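Comments concern the structure below.
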Amino acid sequence: MSAPTNAKVHLHMHVSDLAKSREFYQKFLGADPVKVKANYAKFLPDWAPVNLALSGGGSAREGTVNHVGVQVDAVDTVMAHLARVKAAGLPVREEMGVDCCHANQDKFWVRDPDGVEWEVYHLNYDLEGDEDAPKIKSVTFPMTKGNTCCAS
């Protein structure tokens, strides 16, 4: 049975400051929330298969979520969203041609007000079983301490 083409991953996050988080996600996702209620905002961006709900009154719980990501169809798509997010004024960390999570990827990262990191990435090629694949040097612009990538 195949999944419907309009399937979206649902994430519900408790945030410490709903106004700050709502502003961040409007800039990052490039869309206004589709629903706003007292202590609640919901986003359904056209470009990402995500249904993101935010509820206020939470606290930053570092370590609860390692990171969240959106895999896109092409490097050009990564670059288009990178340009949009930069134009919105969000700090980004760029990683192009980086080996991460057993694959080579072009990506960028943003961090929300509670410290949750989001990556937008394109998987260039799988590293396992592909020793002849071209190796591309990583260029990283630090935004935060540490590396969110899984051990590869």
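No lab work stands behind these numbers, since they all come straight from the coordinates. Since we're looking at a predicted model, the values are computed, not measured. Reconstructed Cβ throughout: ideal geometry from the backbone, glycine too, with neighbour counts over all protein chains shown.
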*Length gained when the stretch residue 23-residue 86 is fully extended (0.36 nm per residue, less Cα-Cα span)*: 21.2 nm
*Between residue 39 and residue 123, what FRET efficiency follows from the Cβ-Cβ distance if R0 is 30 Å, with the result rounded to 0.05?*
0.25
